[in-house]
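The values are calculated or read from the model by the stated rules, or taken from the named source; none is laboratory data. On a predicted model such as this, the values are computed, not experimentally measured, just so you know. Glycine also receives a Cβ, built like all others from the backbone with ideal geometry; neighbour counts cover every protein chain displayed.
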């Protein structure tokens with residue numbers, strides 16, 4: 001390790017660290033540490049079962065659960081649009097901001113848009129980190145593109161359904 005550096009030019013503390021790192025004895029893992037590592041892996045598999053079901057859903061539709069418009073947008077017959085948000089409101093305005101982003105792409109009447117919080121479903125995971133996450137003032141930053149695409153997909157679905165019903169071209 002770092003054979004191209006003359007050890008006599010290094011501070012004594014750094015020489016000690018390099019000498020320690022170049023030990024000839026292999027590292028050993030005590031039984032107790034091994035059991036902790038294996039137990040943590042088992043816990044991780046048991047604590048995040050939604051990851052496996054999310055992959056199954058993705059394979060069936062071609063879209064990730066976080067890209068499914070039906071999980072985020074409900075349009076009632078009376079024209080009310082309910083947008084489900086995947087973040088908690090901590091004073092950053094996500095309960096207004098995220099629905100506004102989606103509604104803009106959907107071309108919805110803002111006076112008939114309301115929001116609700118999502119549940120623990122895989123659809124509502126943070127699209128960047130893949131976990132349920134709110135914090136660090138990142139809600140809009142991490143979800144802006146996601147909500148724009150959700151709104152655009154929902155609008156395309158509505159246009160396609162209307163065109164099919166009226167037997168006309170989508171354009």
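In segment 84-100, of all residues being assigned to a loop (DSSP other than H, G, I, E, B) and surrounded by fewer than 19 Cβ atoms within 10 Å (Cβ to Cβ), the one that is farthest from the chain's Cα centre (by Cα) corresponds to 91. Considering the conditions (1) under 13 Å from residue 150 (Cα atoms); (2) surrounded by 12 or more Cβ atoms within 10 Å (Cβ to Cβ), residue 130 is excluded by exactly one of them, (1). Of all residues in segment 101-132, those being assigned to a loop (DSSP other than H, G, I, E, B), closer than 15 Å to residue 82 by Cα and out of contact with any strand residue (DSSP E or B) (no Cβ under 6 Å at 6 or more places or on another chain) number 3. Of the residues that make up segment 137-147, is at least one surrounded by 15 or more Cβ atoms within 10 Å (Cβ to Cβ) and either outside the structural domain of residue 80 (by TED's automatic domain parsing) or modelled with pLDDT of 90 or more (or both)? Yes: segment 137-147 contains one or more residues that are surrounded by 15 or more Cβ atoms within 10 Å (Cβ to Cβ) and either outside the structural domain of residue 80 (by TED's automatic domain parsing) or modelled with pLDDT of 90 or more (or both).
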